[in-house]
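S.K.: Please read through the structure below; I'll follow up with questions.
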Amino acid sequence: MKENISTIKERTTYIETLKKEYKSRIEAITPDEIKRGKIFDLKDDGRIAFTLTKELVKSLELEAWLANYKKEAEHSTGGIRGPQNVLYYWDHRFPINQIGVALATLGKSLVLKELIKNREIHKAVSGEVRYNTQEYIELISRIHAANGIYTHQTPGNQTTAVWLISFLIFMFDYDGGEFVTSSHAISSKTATKDLDAQGSQFVPEMSLAFIAKIEEIINQAKTSTHGYQIVLAARDNPFTIQDIDVIEVYADYLRNGIANNENIRLTQDAISQGMRLMYETVGGCMYNTMVPLLKTFGIIDAFEWNNQTEDPFFHGVGKTRRVNPNTGSEEFFDLSCDACLMEVVETMGYELTLKDKPIGYVVLITDPDGDRLVLGQIEPASNVALMDELGINYIRIDELKIVSIYHPTYCFLMIMDFHMKQLKQAGKWNDHGRIMITTTPSSRVWSEWAETHGVPVLYTPVGIKEIAAVLKKIEKKFFANPDQPVAVDDIWRNDVPIGKDPRVVFAGEESGGMVIGPEDPITSKGGRKALMMREKSAGEASVVAAALAAHLYLEKKTMAEYLQEIFTECKARYRFYHRADITYYNESEPDPRILLAAKAAGEKKRDAIDLYYLGIALALREKRITIDDVKEILSEAMPDLDFSSLSDVLFTGDATYIAFNGMFVQVRKSGTDAKLRGYSNGENKERCILYLDIMVHYSGITTPKYDALISKDFQATIYDKTKKIYEDYLYKDF
């Protein structure tokens with residue numbers, strides 16, 4: 001760790017100090033009237049009725065809250081996320097708060113009751129370990145119950161993984177669900193990830209439908225002399241049922257795919273010969289979720305657990321102090337718990353935790369809601385040069401050992417290749433057509449692998465909901481005419497021929513989420529069919545990763561050696577992958593006024609860069625400029641870069657993709673935060689790093705050449721144009 005900590009005890013003390021600092025700052029900045037201003041007292045076991053009035057709409061600043069909430073809903077890729085006051089979650093000054101979640105829940109209840117009139121409505125409600133998760137679950141469930149909607153919970157409201165709830169909704173034909181999470185985001189953030197009747201995340205129109213209901217509620221509260229009454233059912237009510245138990249059903253689903261007899265036997269053989277793996281849960285839900293699943297498969301003995309105790313502070317993962325560029329002072333910073341980012345992995349203390357582990361020891365790293373996976377492996381320090389050659393990041397444990405961190409670009413490539421070879425060895429590969437669905441910023445080495453093995457690839461914008469949307473289009477055509485070949489448009493406007501009887505060999509993205517489809521379609525209790533589940537799953541990924549680790553263990557082969565073999569087999573050019581995440585403010589700022597002002601200022605910087613590149617992509621798309629014009633525009637703005645090999649600039653549905661010979665750079669703004677993400681992938685490591693660094697940090701200022709070729713009137717319409725292009729793509733054949 002960078003804090004010069006040499007023992008696990010010192011690290012524990014350091015983390016406890018950070019946690020106290022974090023909470024004391026929140027305590028000090030929260031006014032007494034907020035501390036006393038709880039809207040719903042959930043300690044009251046009885047029916048609760050609260051009247052929202054014109055005065056309360058004003059004092060709680062609900063119209064401003066709704067405007068922000070609506071903006072988030074239009075762009076969110078994984079729930080309408082935001083910061084909360086973790087000590088006083090009813091603090092209305094934060095985007096996520098008690099009254100806001102109540103209004104959102106009521107809006108969803110009302111929409112469902114309009115859509116479904118002649119039968120019972122059933123939803124699943126659960127969450128992971130974030131601050132106030134249990135309170136949000138109870139609030140949501142009691143509002144649904146007051147509206148006659150059944151909510152299914154885990155026994156005792158035990159935490160669980162988002163993919164289990166998604167799977168449950170599909171298999172039991174429920175009408176949707178809410179899952180309290182913010183994935184890998186910082187500790188103060190949370191959200192209700194809204195799931196539809198198939199277990200997929202909401203697309204924007206679904207969110208905007210219930211937001212329209214919130215607008216109606218607020219308007220009635222303002223205009224009616226009686227206000228608007230919000231009711232919570234008594235805690236003990238017939239509509240709240242703690243009966244979620246889906247492990248066995250999910251295990252059967254995996255047995256039809258990656259948890260087949262061959263992979264389970266392989267893992268068990270390696271266990272019997274001494275293989276052990278570390279499972280890093282970052283204090284999330286995956287210990288409670290995975291233990292029963294791994295026991296079901298008889299492979300639990302492979303795993304040693306790290307940070308298994310549930311902790312919304314995530315055992316200090318991502319927590320540090322750094323200088324705030326806006327204030328110049330050193331402050332508590334939360335970097336998230338995204339293990340795709342090395343600055344986060346460097347806070348995990350692996351130089352201490354893994355000190356006594358042997359060479360070859362494999363680490364599986366998940367996130368709080370269990371939908372992402374990153375792999376690591378202890379290697380001899382003599383392999384540093386090899387790691388640099390392969391583009392693999394690492395942390396030095398001591399003079400003799402390092403732990404290499406295999407970004408999903410690399411560990412998912414190994415997983416998909418291993419899965420294919422297992423299917424071929426079992427004589428199953430040619431039983432069906434095979435397809436891959438991935439997102440535009442994901443590494444092109446995946447498509448090189450797919451091309452080598454005859455697998456069609458469909459590209460989507462970022463997010464598992466986008467992958468699920470394309471999957472639904474495939475299923476719609478396939479299940480309607482099972483004997484006919486299928487073709488579906490992807491975001492590049494390619495009509496991708498998929499062929500007959502498709503199966504998903506891999507669906508996933510560079511950020512760590514993946515799914516592999518089963519060999520036979522899934523059938524719900526009501527008879528619905530699907531080619532794979534709708535939510536990415538580190539549970540599934542962990543089981544197949546354990547089988548991969550077992551294969552390598554028994555073959556006495558390292559991940560690096562296996563990766564080299566794959567590169568050779570598919571003649572990979574796009575070997576080097578880099579990502580830049582720029583956050584324009586301190587997300588952990590405890591004062592909501594300062595926080596939201598800093599965020600708004602950061603969003604302006606983010607949007608300037610985003611609009612700069614989008615303007616080029618759209619002008620080229622509409623043939624207002626040529627590719628030679630683009631080279632001149634970019635050369636004027638960034639004279640230190642050579643744009644002679646630039647081949648195209650494309651809109652990806654949510655970002656700008658800049659293609660060169662042997663490399664791409666993608667620039668994408670976060671739809672819900674003052675962040676910008678950049679990605680580069682290609683055959684030359686130094687070139688990827690250089691171009692990404694300069695292009696993602698460009699100011700966004702339009703130069704004379706830009707303004708001469710792309711008019712100000714055109715620039716003013718960019719976001720309107722991108723919205724229409726995206727919606728035309730999304731809803732075609734949906």
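S.K.: Are there any pairs with C-beta distances below 6 angstrom linking a residue in the range 222-248 that is closer than 19 Å to GLU178 by Cα to a residue that is surrounded by 14 or more Cβ atoms within 10 Å (Cβ to Cβ) and among the hydroxyl-bearing types (Ser, Thr, Tyr), with the two at least 6 apart or on different chains, and if so which?
M.R.: PHE239/TYR150; THR240/SER141; THR240/THR151; ILE244/THR154
S.K.: Which of the following residues is among the β-branched types (Val, Ile, Thr) and part of a helix (DSSP H, G or I): ILE258, ILE241, ILE218?
M.R.: It is ILE218.
S.K.: For the range 100-122, indicate whether the set of residues that are closer than 25 Å to PHE314 by Cα, at pLDDT 95 or above and either out of contact with any Phe, Trp or Tyr (no Cβ under 8 Å at 6 or more places or on another chain) or crowded, with 22+ Cβ neighbours inside 10 Å (or both) is non-empty.
M.R.: Yes: the range 100-122 contains one or more residues that are closer than 25 Å to PHE314 by Cα, at pLDDT 95 or above and either out of contact with any Phe, Trp or Tyr (no Cβ under 8 Å at 6 or more places or on another chain) or crowded, with 22+ Cβ neighbours inside 10 Å (or both).
S.K.: Tell me, please, whether a residue that is farther than 16 Å from ARG575 by Cα, acidic (Asp, Glu), surrounded by 19 or more Cβ atoms within 10 Å (Cβ to Cβ) and touching a residue at least 24 places away in the same chain (Cβ under 8 Å) can be found in the range 421-440.
M.R.: So far as the range 421-440 goes, no, none of its residues is farther than 16 Å from ARG575 by Cα, acidic (Asp, Glu), surrounded by 19 or more Cβ atoms within 10 Å (Cβ to Cβ) and touching a residue at least 24 places away in the same chain (Cβ under 8 Å).
S.K.: Now, a different point. Can you tell me which residue in the range 663-722 is surrounded by the fewest Cβ atoms within 10 Å (Cβ to Cβ), limited to those that are under 28 Å from TRP446 (Cβ atoms) and aromatic (Phe, Trp, Tyr)?
M.R.: Among those that are under 28 Å from TRP446 (Cβ atoms) and aromatic (Phe, Trp, Tyr), it is TYR698.
S.K.: It is to be established whether one or more residues within the range 12-25 are at pLDDT below 95 and small (Gly, Ala, Ser).
M.R.: Within the range 12-25, none of the residues are at pLDDT below 95 and small (Gly, Ala, Ser).
S.K.: Where in the range 302-393 are there helices (runs of 4 or more DSSP H), lying wholly inside it, with at least 2 residues that are under 24 Å from LEU18 (Cβ atoms) and under 24 Å from the mean Cα position of the chain (by Cα)?
M.R.: 342-345
S.K.: Across the range 617-652, what is the total count of residues that are of a type outside the set (A, V, I, L, M, F, W, C), surrounded by fewer than 21 Cβ atoms within 10 Å (Cβ to Cβ) and in a loop (DSSP other than H, G, I, E, B)?
M.R.: Residues in the range 617-652 being of a type outside the set (A, V, I, L, M, F, W, C), surrounded by fewer than 21 Cβ atoms within 10 Å (Cβ to Cβ) and in a loop (DSSP other than H, G, I, E, B): 9 in total.
S.K.: Between a residue in the range 356-380 that is over 19 Å from ASP311 (Cα atoms) and any residue that is surrounded by fewer than 24 Cβ atoms within 10 Å (Cβ to Cβ) and among the charged types (D, E, K, R), which pairs come within a Cβ distance under 6 Å, given they are 6 or more apart or on different chains?
M.R.: Qualifying pairs under 6 Å: ILE378/LYS357; ILE378/LYS401.
S.K.: Name the strands (runs of 3 or more DSSP E) wholly inside the range 445-517 in which the number of residues that are among the hydroxyl-bearing types (Ser, Thr, Tyr) is 2 or more.
M.R.: Per the criteria, 457-460.
S.K.: Condition check: surrounded by fewer than 18 Cβ atoms within 10 Å (Cβ to Cβ), within 30 Å of MET559 (Cα to Cα) and out of contact with any strand residue (DSSP E or B) (no Cβ under 8 Å at 6 or more places or on another chain). Does ASP269 satisfy that?
M.R.: Against the criterion (surrounded by fewer than 18 Cβ atoms within 10 Å (Cβ to Cβ), within 30 Å of MET559 (Cα to Cα) and out of contact with any strand residue (DSSP E or B) (no Cβ under 8 Å at 6 or more places or on another chain)), ASP269 qualifies.
S.K.: Among ILE405, ILE397, ILE378, ILE464, which is the only one that is of a type in the set (Val, Ile, Thr) and closer than 20 Å to TYR574 by Cβ?
M.R.: Within the list ILE405, ILE397, ILE378, ILE464, the selection yields ILE405.
S.K.: Here is a follow-up. Can you name every one of the helices (runs of 4 or more DSSP H) wholly within the range 653-734 that holds 3 or more residues which are among the acidic types (Asp, Glu)?
M.R.: Answer list for the range 653-734: 718-731.
S.K.: Does the range 175-193 hold any residues that are surrounded by 24 or more Cβ atoms within 10 Å (Cβ to Cβ) and within 15 Å of SER141 (Cβ to Cβ), and which are they?
M.R.: Scanning the range 175-193 gives GLY177, GLU178, PHE179, VAL180, THR192.
The values are calculated or read from the model by the stated rules, or taken from the named source; none is laboratory data. The structure presented is a predicted model; accordingly, all values stated were derived computationally and were not measured. Note that each Cβ is placed from the backbone with ideal geometry, even for glycine, and that neighbours are counted across all protein chains shown.
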